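The values are calculated or read from the model by the stated rules, or taken from the named source; none is laboratory data. The shown structure was predicted, so the numbers you read here are calculated from the model rather than taken from an experiment. Because the Cβ atoms are built from the backbone with ideal geometry, glycine has one as well, and the counts that use them run over all protein chains shown.
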Amino acid sequence: MKAAQFFVSTLKEAPNDAEIVSHQLMVRAGMIRKVGSGIYSYMPMGLRVLKKIEAIVREEMDMAGAVELLMPMVQPAELWQETGRWSKMGAELLRIKDRHERDFVIQPTSEEVVTDIVRNEIKSYKQLPINFYQIQTKFRDERRPRFGLMRGREFSMKDAYSFDRDLAGLKKSYDTMFAAYTRIFTRLSLSVRAVAADNGAIGGSGSQEFHVIAETGEDAIAYCTQSDYAANVEAARALPLLAKRAAPAQALVLTATPGQSKCEQVADFLGIALDQTLKSIVLAVDQDAGPAQIILLMLRGDHSLNELKAAKLEGLSNFRMASEAEIVATFQCPPGYLGPVALPGIRVIADETVALMNDFVCGANQIDYHYTGVNWGRDLPEPEVADLRNVVAGDPSPDGKGVLSLCRGIEVGHVFMLGTRYSESMQARYLDEQGKAQLMVMGCYGIGVSRLLGAAIEQNHDERGIIWPIAIAPFEWVICPIGYDRSPTVKTHAETIYNALRALGVDVILDNRNERPGAMFADWELIGIPHRLVISERGLTNDTVEYQGRRDTASRTLPLPDVLKAINEIRSAALG
């Protein structure tokens with residue numbers, strides 16, 4: 001490829017809405033261009049990266065025994081209604097109507113369609129197991145698209161779906177996909193951590209996420225340095241921080257706390273540690289008739305609520321935060337002074353750590369007052385107990401092998417054990433050896449193909465621009481001839497080396513745009529090409545060319561007569 005016939009469209013400045021490095025650099029390097037909110041065109045340079053990622057994903061999926069197909073982006077509502085996700089998915093599911101007023105969705109994932117295919121095509125145990133995959137455009141109507149390809153509305157995804165006879169078969173398929181994912185991310189040269197995860201809207205019995213470790217990641221990951229334990233904070237078990245509850249040592253006292261409506265303020269006002277205070281979180285669950293049911297959650301003052309954990313408790317799957325009007329009507333007190341003492345008829349759920357506390361401080365359900373010296377059992381009934389909180393750094397690891405640390409990650413892959421979640425609702429059955437109909441057992445496996453562009457940049461960049469891992473760089477080598485249009489000698493040698501590299505199968509681009517050296521080098525450093533070869537009259541006079549790797553701080557000379565041998569050695573070293 002020659003640059004003058006390609007399309008190099010770099011920018012000096014990033015747009016104002018580009019908040020993170022990957023978004024800024026992809027726009028500046030001419031990888032993507034915004035079409036609408038959360039919707040981007042892949043420019044030629046970015047498309048090359050996307051296609052290389054797709055090729056690696058496709059190779060590993062094929063090697064793992066998955067079979068490629070392609071399912072439609074637009075899917076009939078009837079299939080989604082069969083599984084209940086038509087109503088459960090919420091506003092992120094983009095619903096449309098055709099000219100006949102029939103309902104459709106622009107799919108964010110394809111469990112329904114693939115299950116429909118399999119229930120019509122697979123009849124016997126002899127046809128199982130099977131694993132279908134596709135690389136297809138998806139759409140999720142994000143409320144707040146941001147971070148470029150990281151949180152876009154339209155994106156490219158590899159989604160695979162396995163169908164097995166039983167749970168043992170599913171576990172084998174799951175392990176096969178997990179191993180394939182590990183190989184994919186290794187080939188992409190990304191630092192990735194697999195973590196336990198919540199199943200979310202897809203459902204199922206278990207799942208793991210693959211996260212590219214990066215400070216700009218949207219997800220918090222808890223991991224143990226003394227073991228292999230790792231989990232998304234959303235799914236991490238928060239062990240109680242007390243072994244048992246101590247006996248009461250203080251009397252219950254109604255204490256004036258004028259104007260102190262936050263736990264931090266109350267702790268400072270009373271001269272106590274924040275971890276001796278309780279915070280009250282009021283939830284509401286709407287009923288078919290009458291007012292919403294009000295539930296009071298109690299957490300330690302320095303802890304935060306894990307809403308996914310709360311939603312899994314009995315009766316709370318559709319909870320919302322109570323309005324101030326509902327709080328005042330229930331507690332006869334505004335937020336800031338709420339507590340569990342003397343609350344007949346209100347369901348009180350305490351975090352596991354809170355349930356073991358003694359002599360704590362909580363709101364008194366009176367403005368400007370808190371109770372001090374509060375003890376379960378003595379001053380109020382024993383609460384319902386559950387794991388409600390997010391883990392924090394220093395918590396004991398759930399596997400008992402150390403303490404937790406936290407880092408940020410970008411989710412780039414997710415593997416699920418679906419079980420019979422979809423096959424049961426859609427009646428996807430096969431006949432076993434005895435001729436008896438059995439439900440197929442499913443797994444699903446996703447990789448955010450387009451998100452990987454941004455994730456790779458978040459891990460690989462410097463002040464000059466992108467540093468692409470060689471396997472997915474838009475070009476492996478760039479030849480930069482200085483004076484290409486003025487020096488026949490430079491042009492001849494540049495063309496000769498360029499043609500020789502192409503003959504060897506090297507993915508190389510020749511910059512024949514007649515740019516000044518500084519601008520030319522800056523473009524390719526911004527774009528992130530791993531290897532640069534500079535050809536100039538000065539170097540040719542000395543029978544040399546100049547080489548610099550993208551991560552190198554300085555260039556070095558290569559002898560012109562042995563330049564192809566030197567390039568092969570560099571490539572071999574880079575490829576390991």
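Among residues of the stretch 344-368 being part of a loop (DSSP other than H, G, I, E, B) and either under 37 Å from the mean Cα position of the chain (by Cα) or among the charged types (D, E, K, R) (or both), the one that is surrounded by the fewest Cβ atoms within 10 Å (Cβ to Cβ) is Asp368. Applying a threshold of 6 Å to beta carbon distances and a minimum spacing of six or more residues, or different chains, the list of pairs starting in the stretch 464-479 at a residue that is within 14 Å of Arg571 (Cβ to Cβ) and outside the structural domain of Leu504 (by TED's automatic domain parsing) and ending at one that is part of a helix (DSSP H, G or I) and small (Gly, Ala, Ser) reads Ile470/Ala574.
When the residues of the stretch 544-564 are filtered to those that are surrounded by 11 or more Cβ atoms within 10 Å (Cβ to Cβ) and in contact with a Pro (Cβ under 9 Å, 6 or more places away or on another chain), the one that is farthest from Ala522 (Cα to Cα) is Thr544. Taking (1) within 21 Å of the chain's Cα centre (by Cα); (2) crowded, with 20+ Cβ neighbours inside 10 Å; (3) at pLDDT 95 or above in turn, Glu54 satisfies each apart from (2). Among the conditions (1) out of contact with any Lys or Arg (no Cβ under 8 Å at 6 or more places or on another chain); (2) not assigned by TED's automatic domain parsing to the domain that holds Arg48, Leu453 misses just one, which is (2). For the stretch 305-343, the tally of residues that are more than 18 Å from Thr257 (Cβ to Cβ) and in a loop (DSSP other than H, G, I, E, B) stands at 12.
In the stretch 424-451, the qualifying residues are those that are in a strand (DSSP E or B) and free of Cβ contacts under 8 Å to residues at least 24 places away in the same chain, and the one that is nearest to Asp164 (Cα to Cα) is Leu439. Taking residues in the stretch 337-354 that are at negative phi and of a type in the set (S, T, N, Q), and partners anywhere that are part of a strand (DSSP E or B) and buried (at least 17 other Cβ atoms within 10 Å of the Cβ), the pairs with Cβ atoms closer than 6 Å and at least 6 places apart or on different chains are Thr353/Arg300. Only residues that are under 30 Å from Pro258 (Cα atoms), assigned to a loop (DSSP other than H, G, I, E, B) and touching a strand residue (DSSP E or B) at 6+ places or on another chain (Cβ under 8 Å) were counted in the stretch 271-301, giving 2.
The listed residues are Glu463, Glu515, Glu495, and the only one of them that is under 13 Å from Arg550 (Cα atoms) and of a type in the set (D, E, K, R) turns out to be Glu463. Of all residue pairs spaced 6 or more apart or on separate chains, those with beta-carbon atoms under 7 Å, a first member in the stretch 8-27 that is more than 14 Å from Arg146 (Cα to Cα) and not assigned by TED's automatic domain parsing to the domain that holds Arg144 and a second member that is among the hydrophobic types (A, V, I, L, M, F, W, C) and not in a helix (DSSP H, G or I) are Ser9/Met43; Thr10/Ala29.
Exactly one residue out of Glu458, Glu476, Glu433, Glu463 is acidic (Asp, Glu), crowded, with 18+ Cβ neighbours inside 10 Å and out of contact with any Pro (no Cβ under 8 Å at 6 or more places or on another chain): that is Glu458.
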